[in-house]
Each structure stands twice: as C-alpha cells, then as structure tokens.
Amino acid sequence: MTGGAGFLGSHLCDRLVEARNEVLCVDNFFTGTKRNVAHLLGNPYFELQRHDVTFPLYVEVEQIYNLACPASPIHYQFDPVQTTKTSVHGAINMLGLAKRVKARILQASTSEVYGDPEIHPQVEGYWGRVNPIGIRSCYDEGKRCAETLFFDYYRQHRLDIKVVRIFNTYGPRMHPNDGRVVSNFIVQALKGGDITVYGDGQQTRSFCYVDDLIEAIIRMMKSGANLPGPINLGNPSEFTMLELVEKIIGFTFSKSRVVHLPLPSDDPRQRQPDITLAREKLMWEPKVSLDDGLKETIAYFRRVLSDAGP
Ligand SMILES: NC(=O)c1ccc[n+]([C@@H]2O[C@H](COP(=O)([O-])OP(=O)(O)OC[C@H]3O[C@@H](n4cnc5c(N)ncnc54)[C@H](O)[C@@H]3O)[C@@H](O)[C@H]2O)c1
C-alpha cells in the first residue's frame with residue numbers, strides 16, 4: 001500500500017489487516033502520519049516502511065494499492081514538481097514492480113481527471129476538460145498521465161491493472177487543515193471562527209463517506225481481470241457548499257458566521273459521479289448518509305482539537 005499512512009490508505013490498511021492480509025505500508029509521510037497507523041504497529045500482519053515512491057522499490061508482494069500522492073490543493077501545490085513526479089515516476093516505479101513480481105495493481109485516480117466538466121454527471125467515457133498549464137495541473141495532469149501509464153502497461157505488458165476514479169471522500173483521519181471543504185468547515189465551526197465559503201456557495205459537490213469508498217476499492221481489487229476500469233467511485237448525492245455549511249453548523253452547535261471569498265482559479269462548478277458501472281460490476285453503492293458521515297467526522301475532529309488525540 002503506497003500512501004498507506006494517509007487518510008484513505010490508513011483505512012484501507014485497517015480493513016486489509018482485519019481480513020488477515022499481510023500489509024506492507026509504504027509512505028514518505030509528506031501528508032500522512034505515523035499516528036494514522038500507530039494502532040497497527042504491533043500487529044504481526046502489518047509492516048511500515050518509510051519510502052518515497054519516486055524511487056524504485058524492491059519488495060515481494062501479490063497486490064499493490066497505489067495511493068501515494070498528496071490529494072488536497074494546499075499540499076499538492078506546495079511543491080508542484082514533486083507532485084507530478086509522485087504521480088508519474090511513482091506510477092512507473094510501482095508498475096515496474098508489479099511487472100517484475102506479477103502483482104495485480106490498483107491506481108487511486110481521481111475525478112480531477114475530468115477537470116471542469118462539460119457533462120454532468122460524469123461518466124467514465126468522458127475525456128475531461130483539463131487546463132494543462134494551471135495551478136491544479138500538477139495534480140490533474142499527473143493523475144491523467146498515471147492512467148495512461150497504467151493502460152499502456154495493460155496493453156503492452158498484459159499487466160493486471162485496476163483504475164478507480166475517486167470522487168470527494170471525507171471521514172476521520174482527514175488532515176485538519178489541508179483546505180478540503182469538509183474538514184475546513186468542520187474545524188472552523190468547532191473553533192467558532194468564520195466559515196469561509198468560496199464564491200457564492202452555490203457550487204455543488206458530492207461527498208462519499210470513507211467506509212463506503214474503502215468497500216468499493218476492495219471490491220474492485222477482487223473483481224475479475226476483465227475489469228481494468230477506469231471506474232467511478234463516489235456518492236452521487238449532490239449538495240451545495242451552503243447546504244453543507246448549514247448541516248455542519250447544526251451538528252456542531254457552532255456560532256460561526258459564514259464569509260464569502262473569491263473562487264480559486266480552475267475551481268469546478270459542479271462535480272458528481274455517475275456510478276452506474278460500479279453498481280453493475282461491483283454491486284456497490286454508498287450506504288452512509290451525509291448526516292451520519294458528518295457526525296462521525298465531527299466527533300473525530302473534536303477529539304483531535306481537544307488535544308486528546310484521535
Ligand atoms: N480523499 C479524496 O477525496 C480523494 C479523491 C480523489 C483521489 N484521491 C486519491 O487517493 C489517494 C489518497 O488520498 P488521501 O485523501 O488519503 O490523501 P493523503 O494526503 O491523506 O494521502 C496520501 C499519502 O501519500 C503519501 N505520499 C505523498 N507523496 C508520496 C511519495 N512521493 N512517496 C510515498 N508516499 C507519498 C502521503 O504522505 C500520504 O500518506 C491519493 O492518490 C489521492 O490522489 C483521494
């Protein structure tokens with residue numbers, strides 16, 4: 001598991017260790033933290049290795065989940081060259097490893113490959129509308145190039161690949177100040193400061209709770225070899241930013257005020273997955289409601305902010 005000490009990676013480690021798989025968690029701790037996997041350290045099914053995926057990795061494994069990559073704009077724009085390298089060199093290194101040890105390999109791709117989409121909701125066949133030279137391009141184009149590499153290894157070397165396109169996911173162990181909208185709003189509400197909404201707040205997003213997403217990723221990894229993807233994974237229920245803020249203020253009993261700031265450049269207006277393929281091929285759909293997921297996430301951030309730790 002590359003990026004195994006991150007938000008999604010650590011939940012995947014939990015699920016796989018629980019099912020008695022031997023998990024090697026590889027991470028350079030750029031955005032991930034040992035705290036996310038500390039509870040697994042004494043477990044004989046779990047091993048943690050500090051490693052940067054832009055360098056080759058020589059290990060013996062049967063399956064690879066390639067999640068390493070900073071996922072929030074604040075972090076991926078911090079060192080954009082390194083972000084592209086992580087996606088592209090990381091994919092090359094992990095695909096090389098998969099080829100050498102004949103492992104099945106899953107790529108955590110993203111809805112950002114659709115850019116600012118002209119069609120709504122987005123289906124896997126849509127090629128996207130991405131700015132190749134903007135401030136988000138290091139992430140978007142890095143992920144697009146990684147998908148290209150996966151499919152070239154699939155065609156050229158008959159590698160057993162799986163590509164999932166993940167839409168906005170939230171839950172416990174998200175980074176408290178990485179600028180992602182759910183964690184941002186929750187932390188601001190819990191601290192009682194202003195809640196910053198970009199633009200008029202009418203832009204929509206769909207939010208998937210982490211447990212639902214992890215279930216889908218594991219189903220994809222277990223699916224037949226005739227399903228390389230790409231496959232959309234996310235929750236199609238759509239909410240405006242203002243609706244999200246209202247819910248969070250309600251659940252936290254916060255006195256925060258909402259303030260509006262200008263929209264960042266290349267920020268998509270709408271994003272919603274079409275998950276017909278995942279429903280048909282993985283027999284999967286999200287089960288956790290936004291209300292229930294938010295309550296779990298708020299409880300987590302309350303613990304983190306109270307110094308007691310997660
Ligand atoms: N969370 C989401 O909503 C979402 C949506 C779409 C795609 N994804 C993808 O899922 C994956 C995991 O995202 P996340 O939300 O858990 O983010 P995260 O930042 O919490 O996790 C990424 C992990 O990768 C590690 N990492 C970064 N660069 C690395 C490198 N060069 N070598 C080794 N490790 C490195 C980080 O330290 C971190 O532990 C990412 O690839 C991301 O692009 C996430």
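A 1.4 Å probe run over the protein chains yields, for the chain, 46 Å² of accessible area per residue, whole-number rounding.
Would you rank LYS287, LYS191 by solvent-accessible area, highest first, keeping every protein chain in place and using a 1.4 Å probe?
LYS287, LYS191
Accessible area ranking (1.4 Å probe, heavy atoms, ligands and nucleic acids excluded), largest first, for LEU263, LEU213: LEU263, LEU213. Between TYR198 and ASP160, what FRET efficiency comes out of the Förster formula 1/(1 + (r/R0)^6) with R0 = 30 Å and r the beta carbon distance, rounded to 0.05? That gives a FRET efficiency of 0.15. Three semi-axes describe the equivalent ellipsoid of region 75-171; taken as square roots of 5 times the Cα gyration tensor eigenvalues and ordered largest first, they are 23, 17, 12 Å.
Ordering 111-117, 234-240 by mean Cβ neighbour count within 10 Å, with the highest value first, yields 111-117, 234-240.
If you count the DSSP beta bridges with both ends in the chain, what percent of them are antiparallel, to the nearest 5?
For the chain, the DSSP antiparallel bridge percentage is about 10.
Taking a straight line from the alpha carbon of LYS247, these lysines sit under 23 Å away, with near neighbours fewer than eight places off in the same chain left out: LYS191, LYS255, LYS287, LYS295. Using 0.36 nm per residue and subtracting the Cα-Cα separation, the extra length available between ARG257 and CYS145 on full extension is 36.2 nm. By accessible area, using a 1.4 Å probe on protein heavy atoms only, the chain has 51% of its surface on carbon and sulfur. Calculated over the chain, the projected area of the Cα convex hull averaged across directions stands at 15.0 nm². Of all lysines in the structure, those lying under 16 Å Cα to Cα from LYS281, and not within fewer than 8 positions of it along the same chain, are LYS162, LYS222. Where only DSSP H runs of four or more residues are counted, the chain gives -12000 deg cm²/dmol as its mean residue ellipticity at 222 nm, each run worth -39500 (n - 2.57). Peptides 178-187, 252-261 ranked from most to least packed give 178-187, 252-261, packing being the mean of other C-beta atoms within 10 angstrom over each peptide's residues.
In terms of accessible area, using a 1.4 Å probe and ignoring ligands and nucleic acids, HIS11, HIS120 rank largest first as HIS120, HIS11.
Across q = 0.25 Å⁻¹, region 32-127 modelled as identical point scatterers on its alpha-carbon atoms has Debye log10 I(q)/I(0) values of -1.32, in the order of the q list. Tell me whether region 158-243 comes out rounded, prolate or oblate; compute the Cα gyration tensor, take square roots of the eigenvalues as a ≥ b ≥ c, and use a/c under 1.5 as the rounded threshold. The shape class here is prolate. Applying 1/(1 + (r/R0)^6) with r as the Cβ-Cβ distance of THR240 and GLU47 and R0 = 45 angstrom yields a FRET efficiency of 0.55. Report the Stokes-Einstein translational diffusion coefficient (µm² s⁻¹, integer) for region 32-83, Rh taken as the Kirkwood radius over Cα pairs, at 4 °C with viscosity 1.567 mPa s. In µm²/s, the coefficient is 96. Average projection, convex hull of the Cα set of region 166-310: 9.2 square nanometres.
The values are calculated or read from the model by the stated rules, or taken from the named source; none is laboratory data. Just so we're clear, the structure is a prediction, and the values are computed from it rather than from any experiment. All Cβ positions, even for glycine, are placed from backbone atoms using ideal geometry, and neighbour counts span all protein chains on display. Ligands, DNA and RNA are excluded from the accessible area calculation, which covers all protein heavy atoms including side chains. Shrake-Rupley method; radii C 1.70, N 1.55, O 1.52, S 1.80 Å.
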